Structures are given as C-alpha cells and as structure tokens.
1. Can you compute the modelled spin-label distance between Ser15 and Met159, with each label point 7 Å from Cα toward Cβ, in nm?
2. Multiplying the sequence separation of Asn66 and Ser240 by 0.36 nm and subtracting their Cα-Cα distance, what value in nm do you get?
3. Grab the Cα-Cα distance for Asp8 and His191, subtract it from 0.36 nm times how many residues apart they are, and report the gain in nm with one decimal.
4. In straight Cα distance, which lysines are under 28 Å from Lys138, not counting same-chain residues fewer than 8 positions off?
5. If amide hydrogens are placed 1.01 Å from N in the peptide plane, which non-local residues have theirs closer than 5 Å to the one on Leu196?
6. As an exercise, use a Förster radius of 22 Å and the Cβ-Cβ distance of Glu130 and Glu37 to find the FRET efficiency, rounded to the nearest 0.05.
7. Quick one: if you stick a label point 7 Å off each Cα along the C-beta vector at Lys233 and Asn54, how many nm between them?
8. Please label the shape of the stretch 127-196 as rounded, prolate or oblate, based on the square roots a ≥ b ≥ c of the eigenvalues of the alpha-carbon gyration tensor (a/c under 1.5 means rounded; beyond that, a/b larger than b/c means prolate, else oblate).
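Here, each number is a calculation from the coordinates, and none is a lab measurement. Small disclaimer: the values here were computed from a predicted structure and weren't measured. Methodologically, a virtual Cβ is constructed for each residue, glycine included, from the backbone with ideal geometry; neighbour enumeration extends over all protein chains shown.
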Amino acid sequence: MWNPFNEDISIIYPSNSSTGTSLPTNQDLYFVAKWRELFFRYSSARSFLSNTQNDNWSYWFSPVSNPTTQKAFELIFKANLYETALIHYNIVVDLSWTLTYVSAEFALYDFDSDDSIKNINKIQDVLPLEESYDLLRKAEKVVVSPLSEVNPFSYLKKMTPEFSEAVDLITEFWKDFSNSEIRDLYNYIKHKGKPLYEEIEHLHQTKTTQFFIGKKEYASNVIDVQKIINLEKGIKNLISFDNDKLFHYIKNLLESLKIAVDPSPWAY
C-alpha cells in the first residue's frame with residue numbers, strides 16, 4: 001500500500017513497559033480507552049487516504065470497457081475514500097479533546113450541582129462496572145470546542161496544573177486548525193452537502209452552454225452553484241497536515257497526558 005507518511009503510527013499505540021500491581025482507577029481506564037479509540041481512528045484515516053492511490057480498482061467495482069466511464073468510476077471512488085479520510089482525520093482532532101477531558105478529574109465537574117466535588121473525586125476511584133461505564137458516558141457529554149465560551153480549560157489548568165501542558169497543546173493547535181481548509185471542508189460535508197470535484201466534472205463535461213447578459217455570465221446549470229474542489233490538491237493537503245502538524249500534535253499530547261495520569265499497567 002502507498003505510504004506517504006513520515007512517521008510510523010505504531011509508535012503512538014497504547015502501551016506501557018512499566019510493571020506494577022495496583023488496580024487501575026476509572027481515570028486510568030478512561031485515559032487508555034480513549035487513547036485506543038483515537039489510535040484506531042487515526043489508523044483508519046491513514047488507511048483510507050493511502051487507498052486513494054490504489055490501482056486495484058476492481059476491489060471496489062467491476063471494470064467496464066469504456067475508458068471514460070472506467071476513469072469516472074475510479075475518480076468517484078477515489079473521492080469517496082478521500083472524503084472518508086477527511087472525516088476520520090477531523091474526528092481524531094475532536095477525540096483529542098475528549099481524551100483530555102475524561103483523563104482529568106475536572107471532566108466531571110457539574111457547575112449546577114451541590115455534589116460536584118464528589119463527582120470530581122469519583123473519576124479517580126475504583127467503581128463497579130456499571131457505575132464506571134455510566135460515569136464515562138457522563139464525562140463525554142462535557143466536551144466542547146477548545147475556544148467555546150463555556151470551555152472549562154482555564155479552570156482545569158488552575159485546579160489540575162498537571163494537565164496544563166495538554167490544555168495548551170490543544171488550544172494552540174485548534175487556533176490554527178479551526179479555520180483551515182481541512183476543517184472547513186469537513187464542516188461543509190457534515191452540515192451542508194457533497195462537493196463536486198474538478199477532475200470528475202472535467203471528465204463528464206456536464207456543462208455545455210454558457211448564459212450571458214451583457215458581459216456578465218449567469219448561472220445556467222446546477223454545477224454553477226455547487227461547491228467544487230480539486231481532488232488531488234485535497235489529498236496532498238491531508239498528507240501535509242498529517243506529516244507536518246497532526247502527528248506531532250497527537251504524539252506530544254499523548255506523552256503529556258500519560259505523565260499526568262500515570263496509569264496503572266493493568267489499564268492496558
């Protein structure tokens with residue numbers, strides 16, 4: 001399989017070489033659980049992106065005799081693989097917030113509850129299975145965008161300074177990424193529609209007429225008003241994003257959180 005990535009993702013697989021006999025707390029288990037989810041989501045993102053360069057298209061559809069139709073099918077599946085990779089990469093970013101929230105005791109803070117302190121302490125306890133499961137579901141609901149007005153990061157840094165480095169990593173990364181083309185296209189696909197791709201439209205040549213009034217051209221076809229992007233450029237952008245930004249961000253975040261949580265080896 002085509003591999004354009006500079007770093008081996010296996011080096012961020014959840015593992016612990018230390019030894020010990022202490023029973024893992026909820027905090028330990030939540031951290032490792034979300035770490036595993038993030039790792040496998042990241043692996044999927046790379047797999048889908050790598051498959052955009054796979055020449056064995058017969059795996060996805062039965063070949064056709066018409067060269068133009070065959071090329072169109074190839075581009076359509078390539079675009080689908082790209083979009084899937086794009087979505088998975090953005091989920092990795094979102095999971096990095098969740099990973100941090102549920103790893104910190106403040107993740108369960110309830111501003112409107114009189115027993116908030118009890119809830120905070122629970123995350124570091126050893127609880128029955130059902131309670132542990134429910135507690136993590138509750139913690140996951142707290143997650144919001146790093147720059148949201150209701151974001152508790154500043155309070156988290158104050159109350160649990162061991163997580164300050166992780167919070168700073170998330171905030172700085174998000175400031176740059178939140179307005180990027182990759183995030184913008186992800187939000188477009190999720191909320192607004194499916195983009196067209198220049199390579200596919202050029203092959204189809206679906207627009208055959210132009211409509212002018214004076215010197216101004218007016219929309220005369222549905223593709224005139226649809227969002228259109230370049231597929232190859234999008235693929236290259238994702239590769240650069242992975243190599244130049246995302247991998248280093250995730251690696252540094254995991255290292256910082258692992259030190260802060262210091263999970264029991266049994267949690268793995």
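1. Going by the 7 Å Cα→Cβ label model, 3.6 nm.
2. Value of the extension gain: 59.2 nm.
3. Once the chain is fully extended between Asp8 and His191, it gains 62.6 nm.
4. Leaving aside lysines fewer than 8 places away in the same chain, those within reach of Lys138 are Lys34, Lys118, Lys122, Lys157, Lys158, Lys175, Lys190, Lys251, Lys258.
5. Amide H to amide H, under 5 Å and 5 or more residues apart or across chains, Leu196 pairs with Lys227, Ile228, Ile229.
6. 0.60
7. Simple spin-label model gives 2.7 nm for this pair.
8. Here the stretch 127-196 falls in the oblate category.
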